[in-house]
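Written below as structure tokens is the structure these notes are about.
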Amino acid sequence: MSASLEDIVSLAKRRGFVYPGSEIYGGLAGVYDYGPLGVRLKRNIQNAWLKFFVDGWDDMYQIDAAILMNKKVWEASGHASGFNDPLVECSNCHSRLRADHIEGDKCPVCGKEGTLSEPRQFNMMLKTFLGPLEDENGLTYLPPETAQSIFVNFKNVVDSFYPDMPFGMAQIGKAFRNEISPREFLFRVRELELMEVEYFVHPDKWEESFEKWRKDVHIFFKKVGLPEDMVHELEVPEEDRAHYSKRTIDFEFDFPFGRRELLGLAYRGDYDLKRHQEASGRSMEYRPKDGGETFIPHVIEPSVGVGRLFLAILSAAYTEDEVEGEKRIYLKLPSHLAPVKVAVSPLLKNKPELVEKAKEVYKMLQKEVGNVMWDDNGNIGKRYRRQDEIGTPYCVTIDFQTLEDDTVTVRNRDTTAQERIKITALSSNL
Ligand code: GAP
């Protein structure tokens, strides 16, 4: 049975993955906080992305730029004037909605027909002011994408590392968008984290590079546990593409609330580097080492929101089955993403000899496997259910037999099968 969004939101809150932002004050629309297990899952997702898209390449340069940038960056990039969504307002219930999310002329909130205004362009950039005065001089914007800080550092990286073409620059960073209607949990938020690569290519080579990225995106999704049949490509028509894009493929995913964009693969041409060259007066040209003609590189950009991917992974992993006549919920996460790799428990927590032995095993696994959780709350059945819900692949239990023969019970999350394993062989079997 596939999960509903409510199931996922509820598990995420209950088990300390994701909490509504500023919850004790009634929350803040489109803002979420990651709890202790959410942080671990998020970190594992980011590490998987870094391993696949950055560390596995010889020609990838990761940066970590400041969030705040000179507002001229956003004027040159076109975001200050062009990062817009069409906004309509209902004259009956006064809801403000995104025009492109509405079918027909009926307000989806109050249900009245003919009450929606003509769409007007609403700029989604969040503003802030630096310095003591809230005036034009101090105005800047919070970034809606991490791409621009890559473009403004393009020359720095070329001058420091003399990379051959093609090469990429990668970044994981915060982004902010004043979304008109944030919704569907982590899917559309106002504060997000992006994982982006700007891959610089010779203008004649963009198509072959685009095709390679297209294949790589599918491989990556498989690695993070997204079933192939839940991922779909959509060739975005020109009228729906971002202002900088000459071609975009949206990789869509079957979320619990429908098929929606998960990752965008865009061909940005030389739009951004050219705009920054014009606006800053600094050359963005690349000079090939073999003495060939200089050129402004073109850009292929795979871009994905960490939270949106987090939600896709949770949706794909959420599983319900029946064990011994009782409903069970578990997260079938790939082991490299699971926030806890293994949980260790003494069978009974009031038997000091079991607790002592279990602590030994716990410490050993902490050193050899990492991400181990000590769990002695409730009875063993309850512990298994709790670990299932957070996706822990293995639970290790220390019982009276352990004291005799140095074996422990290892219980598998997906099959619920249990086997006895020698402590000395434990790490290599997890
Ligand atoms: N630099 C390219 C760029 O920003 P985008 O299609 O606007 O392109 C890229 O966003 C990705 O960022 C999307 O595919 C999605 O994964 C994520 N994303 C965009 N807006 C989001 C939002 N409001 N909340 C969560 N994720 C978002």
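The values are calculated or read from the model by the stated rules, or taken from the named source; none is laboratory data. Since this is a predicted model, take the numbers as computed values, not measurements. FYI the Cβ positions are ideal-geometry reconstructions off the backbone, even for glycines, and counts take in every protein chain you see. Calculation scope for accessible area: heavy atoms of the full protein, side chains included, ligands and nucleic acids excluded. Shrake-Rupley method; radii C 1.70, N 1.55, O 1.52, S 1.80 Å.
Structural remarks
- Counted residues, region 363-393 - those being surrounded by fewer than 22 Cβ atoms within 10 Å (Cβ to Cβ) and of a type in the set (Phe, Trp, Tyr): 1
- Residue selection: Gly291 satisfies the criterion of being at pLDDT below 95, more than 16 Å from the ligand (Cβ to nearest atom) and open to solvent by 10 Å² or more (accessible area, probe 1.4 Å).
- Checklist (1) over 30 Å from Tyr286 (Cβ atoms); (2) within 16 Å of the ligand (Cβ to nearest atom) applied to Glu145, failing item: (1)
- Within region 374-430, the residues that satisfy the criterion of being under 16 Å from Lys359 (Cβ atoms) and part of a loop (DSSP other than H, G, I, E, B) are Asp375, Asp376, Asn377, Asp399, Asp406.
- First in region 182-211 and closer than 13 Å to Ile300 by Cα, second anywhere and open to solvent by less than 60 Å² (accessible area, probe 1.4 Å) and among the acidic types (Asp, Glu), Cβ under 9 Å, 6 or more apart: Glu196/Glu145; Glu196/Glu301; Val197/Glu301; Glu198/Asp272; Glu198/Glu301; Tyr199/Asp59; Tyr199/Glu301; Pro203/Asp270
- Residues located in region 301-356, provided they are in a strand (DSSP E or B) and either hydrophobic (A, V, I, L, M, F, W, C) or under 16 Å from Leu41 (Cα atoms) (or both): Val304, Gly305, Tyr318, Val323, Ile329, Tyr330, Leu331, Val342, Ala343, Val344
- Looking only at residues in region 193-207 that are touching a Pro at 6+ places or on another chain (Cβ under 9 Å) and surrounded by 22 or more Cβ atoms within 10 Å (Cβ to Cβ), the one that is farthest from Val152 (Cα to Cα) is Met195.
- Failed item, numbered, when Trp49 is tested on (1) of a type outside the set (Lys, Arg); (2) more than 17 Å from the chain's Cα centre (by Cα); (3) not in a strand (DSSP E or B): (2)
- Near pairs, Cβ below 8 angstrom, 6+ apart or cross-chain, from region 341-365 (at pLDDT 95 or above) to any residue that is of a type in the set (D, E, K, R) and open to solvent by 70 Å² or more (accessible area, probe 1.4 Å): Val355/Lys349
- Arg120 open to solvent by 60 Å² or more (accessible area, probe 1.4 Å), not acidic (Asp, Glu) and not assigned by TED's automatic domain parsing to the domain that holds Phe257: yes
- Glu261 meets the conditions (1) buried (at least 17 other Cβ atoms within 10 Å of the Cβ); (2) part of a loop (DSSP other than H, G, I, E, B) in every case but one. The failed one is (2).
- Any chance Trp57 is within 22 Å of the chain's Cα centre (by Cα) and either at pLDDT below 95 or not assigned by TED's automatic domain parsing to the domain that holds Phe187 (or both): yes
- Scan region 128-181 for residues that are in a strand (DSSP E or B), more than 28 Å from the chain's Cα centre (by Cα) and free of Cβ contacts under 8 Å to residues at least 60 places away in the same chain and the total you get is 1.
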